[in-house]
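Only one structure is covered here, and it is reproduced in the block below.
The values are calculated or read from the model by the stated rules, or taken from the named source; none is laboratory data. Please read all numbers here as calculations on a predicted model, not as lab measurements. We place every Cβ from the backbone using ideal geometry, glycine too, and count neighbours over all the protein chains shown. Ligands, DNA and RNA are stripped out before the accessible areas are found, and what is left, the full protein with its side chains, is counted by its heavy atoms. Shrake-Rupley method; radii C 1.70, N 1.55, O 1.52, S 1.80 Å.
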Amino acid sequence: MTVKFFATLKLKLGVASVEVDAEPGLSVGQAIKRAEQSTGRSFWSEIFDQQGKTFPGGMVLLDGANIAHQNGVDTPVGDAETISVFPPAGGG
Amino acid sequence: MAFMGTMLRVNLTDGTIKKDPTPIELAKKYVGGRGLATRLLMNEVDPTIDALSPDNKLIFATGPLSNTNAPTGGRYMVITKGPLTGGIASSNSGGEWGAYLKKAGYDLVILEGKSPKPVYLSVMEDDVQIKDAAHVWGKRVPETTDTLIAESGQKKAKVSCIGPAGENLVMFASIMNEKHRAAGRTGVGAVMGSKNLKAIVVHGNKKSPIPDPDAFRDLVKGKIATIKANGITGEGLPKLGTKVLDNIINENGMYPSRNFQDVMYDGTSHMSGEALVEKGYLKRNSGCYMCPIACARNVELPNGRKGEGPEYETGWAFGPLLGFHDLNVICDANFLCNDLGLDTISAGVTIACAMEMYEKGYIKKEELDNGPELTFGNSEALPYYLYKMAYREGIGDKLAQGSFRFATSYGCPEFSMTCKKQELPAYDPRGVQGMGMSYAVGNRGGDHVRSYLIAPEILGSPEKLDPQAVEGKMQWLFIFQNLTAVIDSSGLCLFTSFALGADDYADMLNAATGFELTTAQWLEAGERIWNMERNFNLLAGIGPETDTLPRRFFDEPAQRGPNKGKVHRLPEMLPEYYQLRGWNADGTMPQAKLEALGIE
């Protein structure tokens, strides 16, 4: 599956996305850890607090659906194709 | 007590200028700025008048925190009866002009009547004069600004002015200050144009009186630290500005394209805030008066054109909404609107409406006078019809009335994406139920900054709400509307609220004014302001039947993305909203509600 990076995270990593293997039962959190390994940069702490919840303004979407309204980082990726990772951002 | 204590009353018909005391007791009930100015407008103007007649009044107002070192304390508001909605018009701008009006010694300027010839108002502390503006009438915003600063003899003088769009009474003309900052929405620029008033130039060196300046400074330091430590205001907004939202809103499946016919746009990554950085167009960020956030974009295009922007809404309205994503075209159109004094949201949504009507055969090719075809994806059409609107040439004369009047004149108002005749911003209501309600019941029509429920519904600030849920949303809307009325009226920028809460604003307002009100009392002032604005609209004939959305959002489900199949669920929420507000079940306002809030 594809893990896409946005906003300041994309600028810091210098890549828009990476492909990760996603076997059945993999969680969103595990997929993001694999994406970290693939980029060679640690960014988990910029997105999640110590409880694994996204910081205000940050979000993780699984095929567009926010994992905050599912089972958080433990949400299984299922047959989804894309995880979108946003560090804290906002505007209006 | 934070107020300068004096307000200017300028009669443009007979040229008289009075200096009246600022009504501080009223300010205690209505905070200042937006609230106090709306109170004064209600006292002095019949809501049923023609907005562009000399009977209307135009009020430039600052808040108690303007011209203090409170974070973002430089804003001002323009309040009047608006031509676009026919109801309360109220538009808010940053930069430094608001702070400099107070440095000149004045909290508000009330403009009455109509000048027999083009003039501008010069406010240089005690020296206040109405001056001839024949030489700048017809000029664009940058030339007007430079000319009037030179005439003032003060390099640091600040100019708030209209461009050709305001002079030509375009119903969504803006008022521009410092060339790039806009009191953009609700057509306040047209009211200024109707009075033959080109500009207000301000300069001074006075300080706002604060009861205990040292204590206030210490308090403010803490608030600034909170803003800098917040991920949104401390890093996201400074680095990428509001345009960081392009991808966020698109990925969440609520980024309207092709006049809201679709809820996503496939080329978003090519024109996003990230793209603006990666392509090298963004040169630096900058901030308004006393702003620790600094979200402004300073852009230089490959063609050498420079300017500020685009903000998120503008980038969307001049790109994906019209079916293209050329950042050069988007930025240039933004610069053009700043020069002409046009509201970018209403301008873009009006052109999008015309494109849908053209593609569906309502507008004939002959009506375009050999101009570019009004088809989605045709970026050539954008600058062409912006210019035509500003100068009211050809079909631009009809477009200048906004999309509702334009589409209605062809018998198809359903293509106008408006609430109360004002064009909607860049969040599709089918993907975000609370924000959709905010549009529907907004006092100034379709608008995103009077209760920005995107913060909790999408961004998770201060906590994450499910955007498709309807339960409990109206309580959030109620609180956001009231708190935003306080923030606006205080003279601060709404962006501070990503980091600060109601108690923080109460702290700063009390320390600046010495009023010693509780947080609940400040929020009640916000509720008072909201109800007063609603009452103005009801008296103007804008009834509860206008508390709705364009039919598209009920009849045409989202076609793709995470909100596929969703429509807006307004009927499930509107009764609860009226009940929370203490209004009648039909949305009218009981006299007892006005009395309970102390609204005279």
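When exposed loop sites are taken as trypsin sites (Lys or Arg not before Pro) in a DSSP loop with at most 16 other Cβ atoms within 10 Å, the longest stretch of chain B clear of them is B:365-550. For the range A:2-40, accessible area lost to neighbouring protein chains reaches 10 Å² or more, against the chain alone with a 1.4 Å probe, at A:4, A:6, A:7, A:8, A:10, A:11, A:12. At full extension, residue B:221 and residue B:412 could sit 63.4 nm farther apart than now, given 0.36 nm per residue minus the alpha carbon distance. Suppose R0 equals 30 Å. What FRET efficiency, 1/(1 + (r/R0)^6) with r the Cβ-Cβ distance, do residue B:560 and residue B:596 give to the nearest 0.05? The computed FRET efficiency comes out at 0.05.
FRET efficiency for the pair residue B:397 and residue B:18, taken as 1/(1 + (r/R0)^6) with r the Cβ-Cβ distance and R0 = 51 Å, rounds to 0.85. A straight line joining the Cα centroids of the range A:9-86 and the range B:101-180 runs 51 Å.
Taking Cα centre as origin and charging only the Cβ of basic (Lys, Arg, +1) and acidic (Asp, Glu, -1) residues, the dipole magnitude of the range B:251-346 rounds to 300 debye. Near the amide H of residue B:324, within less than 5 Å, lie the amide hydrogens of B:377, all on another chain or at least 5 residues away, with H placed in the peptide plane.
Of the accessible area of the protein assembly as shown, computed with a 1.4 Å probe over protein heavy atoms only, carbon and sulfur atoms account for 48 percent. Within the protein assembly as shown, all pairs of alpha-carbon atoms sorted by distance into 10 Å bins from zero give the percentages 3, 16, 27, 28, 18, 6, 1, 0.
Summarising the label geometry, the points placed 7 Å from Cα in the beta-carbon direction at residue A:49 and residue B:6 lie 5.0 nm from one another. Each of B:15, B:40, B:26 was placed along the dipole of the range B:1-44 (beta-carbon charges, centred on the mean Cα), and the one lying farthest toward the positive end is B:26. Dipole magnitude for the range B:430-596: about 700 debye, using +1 per Lys or Arg Cβ and -1 per Asp or Glu Cβ, origin at the Cα centre.
Surface calculation, 1.4 Å probe, protein heavy atoms: residue B:373 sits at approximately 80 Å² accessible.
Summed over the residues of the range A:2-86 and divided among them, the accessible surface reaches 47 Å² per residue at a probe radius of 1.4 Å.
Exposure check, 1.4 Å probe, all protein chains in place: residue B:295 carries approximately 30 Å² of accessible surface. Once you divide the Cα radius of gyration of chain A by 2.2 N^0.38 Å, the number left is 0.98.
If you count only protein heavy atoms with a 1.4 Å probe, what accessible area per residue comes out for the range B:234-315, rounded to a whole Å²? With all protein chains present, the range B:234-315 gives 31 Å² per residue. All Cα-Cα distances of the range B:83-222, cut into 10 Å bins from zero to the largest, leave 12, 40, 32, 11, 4, 0 percent in each bin in turn. If I take all pairs of Cα atoms in the range B:430-596, what percentage of them are more than 30 Å from each other? Result: 19 percent of Cα pairs exceed 30 Å. The lysines whose alpha-carbon is closer than 20 Å to the alpha-carbon of residue B:365, local same-chain residues fewer than 8 away aside, are B:388, B:398. Residues of the range A:57-92 that bury at least 40 Å² of accessible area once all protein chains are present, compared with their chain alone (1.4 Å probe, heavy atoms only, ligands and nucleic acids left out), are A:59, A:64, A:69, A:86, A:88, A:89, A:90, A:91, A:92. Available extension along the chain between residue B:206 and residue B:545 is 117.3 nm, counting 0.36 nm per residue and deducting the alpha carbon span.
With the simple model of a label 7 Å out from the Cα in the direction of the Cβ, residue B:303 to residue A:82 spans 3.0 nm.
Pairing chains B and A buries close to 2200 square angstrom of accessible surface in total, based on protein heavy atoms and a 1.4 angstrom probe. With N counted as the residues of the range B:183-274, its alpha-carbon radius of gyration over 2.2 N^0.38 Å works out to 1.72. Say R0 is 60 Å: what FRET efficiency, to the nearest 0.05, do residue B:154 and residue B:266 get from their beta-carbon distance? E between residue B:154 and residue B:266, to the nearest 0.05, is 0.75. Any idea what % of Cα-Cα pairs in the range B:238-422 are farther than 21 Å? When all Cα pairs of the range B:238-422 are counted, 48 percent exceed 21 Å. If you sort B:503, B:488 by accessible surface, 1.4 Å probe, largest first, the order is B:503, B:488. Accessible-area rank, largest first, for B:277, B:202: B:277, B:202, with all protein chains present and a 1.4 angstrom probe.
When all protein chains stay in place and ligands, DNA and RNA are ignored, the 1.4 Å accessible-area order of B:126, B:46, largest first, is B:126, B:46. In the context of the full set of protein chains, the range B:404-493 has a per residue accessible area of 20 Å² (1.4 Å probe). Charges were assigned to the Cβ only: +1 to each Lys and Arg, -1 to each Asp and Glu. The resulting dipole of the protein assembly as shown about its Cα centre is roughly 1400 debye.
A loss of 30 Å² or more of accessible area (1.4 Å probe, protein heavy atoms, ligands and nucleic acids excluded) relative to the isolated chain is seen in these residues of the range B:457-474: B:459, B:464.
Beyond 33 Å, the tail of the calculated P(r) for chain B holds 38 percent of the Cα pairs.
Solvent-accessible area of residue A:44, all protein chains in place: 60 Å² (probe radius 1.4 Å, heavy atoms, ligands and nucleic acids excluded).
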